[in-house]
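The values are calculated or read from the model by the stated rules, or taken from the named source; none is laboratory data. Keep in mind it's a predicted model, so treat the numbers as computed, not measured. Counting neighbours? That spans all protein chains shown, and the Cβs are built from the backbone with ideal geometry, glycine included. To get the accessible areas, we keep the full protein, side chains included, count just its heavy atoms, and leave off ligands, DNA and RNA. Shrake-Rupley method; radii C 1.70, N 1.55, O 1.52, S 1.80 Å.
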Amino acid sequence: MEAARDRTVGEFLDAVAARAPAPAAGACAAITAAAAAALAAKAARFSPGELGELAAAADRLRAEVVPLADTDGEAYGAVLAALRLPPSDPDRQERLATAVAAATEIPLRIARIGAEVATLAGRLEREGNPNLRGDAQAAALLADGATQAAVALVQINRELEGGGP
């Protein structure tokens with residue numbers, strides 16, 4: 001499967017809309033956090049002094065979160081495979097617990113990155129170049145939304161530990 005970063009926006013959205021388990025909400029949260037980081041980097045590059053140095057931090061966060069768009073789908077695939085095992089399978093609970101733990105860790109990472117981007121963008125909105133305030137504000141809002149979505153996925157994934165719906 002083609003990585004999220006190698007698809008056009010349209011191809012990525014088509015894949016999200018397809019009747020397939022992935023990419024889905026986790027990938028969208030990761031890509032949204034990455035878009036927020038890109039906007040924050042732009043706002044930082046147009047800001048004076050030490051605020052301009054925040055671009056490197058935003059670039060690092062973007063590079064860290066983009067691969068999670070694909071990793072999230074792979075981890076969720078392992079959860080689905082464990083859920084498909086017959087309830088009588090002696091390895092089912094252990095495989096499910098391992099898969100859920102991995103599938104929970106990824107949105108936790110997305111949420112952490114989103115929160116970092118939101119903080120960085122908020123500072124740029126308040127103190128950065130006023131001509132890019134809209135970009136910084138959009139970055140903060142997008143990062144917050146990505147963080148909230150990722151936290152919701154963590155909660156949902158933890159509910160699967162009991163064996164699924």
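Odds and ends about this structure:
- Tally, over segment 38-50, of residues that are at pLDDT 95 or above and either within 25 Å of the chain's Cα centre (by Cα) or of a type in the set (Asp, Glu) (or both): 8
- Selection within segment 10-37 - of a type in the set (A, V, I, L, M, F, W, C), within 26 Å of residue 122 (Cβ to Cβ) and open to solvent by 40 Å² or more (accessible area, probe 1.4 Å): 25, 28, 31, 35
- Any pair with Cβ under 9 angstrom, 6 or more apart, that starts in segment 69-81 at a residue that is part of a helix (DSSP H, G or I) and ends at one that is of a type in the set (Lys, Arg): 69/5; 70/5; 71/109; 78/95; 81/95
- Segment 39-56: number of residues that are surrounded by fewer than 24 Cβ atoms within 10 Å (Cβ to Cβ) and either touching a Gly at 6+ places or on another chain (Cβ under 6 Å) or without any contact (Cβ under 8 Å) to a residue 60 or more places away in the chain (or both): 9
- Residue under evaluation residue 102, criteria (1) closer than 24 Å to residue 75 by Cα; (2) in contact with a Leu (Cβ under 8 Å, 6 or more places away or on another chain); (3) surrounded by 14 or more Cβ atoms within 10 Å (Cβ to Cβ), criterion not met: (2)
- Some residue of segment 57-72 being open to solvent by 60 Å² or more (accessible area, probe 1.4 Å) and of a type in the set (A, V, I, L, M): yes
- Subset of segment 86-99 (residues that are charged (D, E, K, R) and open to solvent by 50 Å² or more (accessible area, probe 1.4 Å)): 91, 94, 95
- Checking segment 54-66 against the condition returns no match, with no residue being touching a Pro at 6+ places or on another chain (Cβ under 6 Å) and under 21 Å from residue 3 (Cβ atoms).
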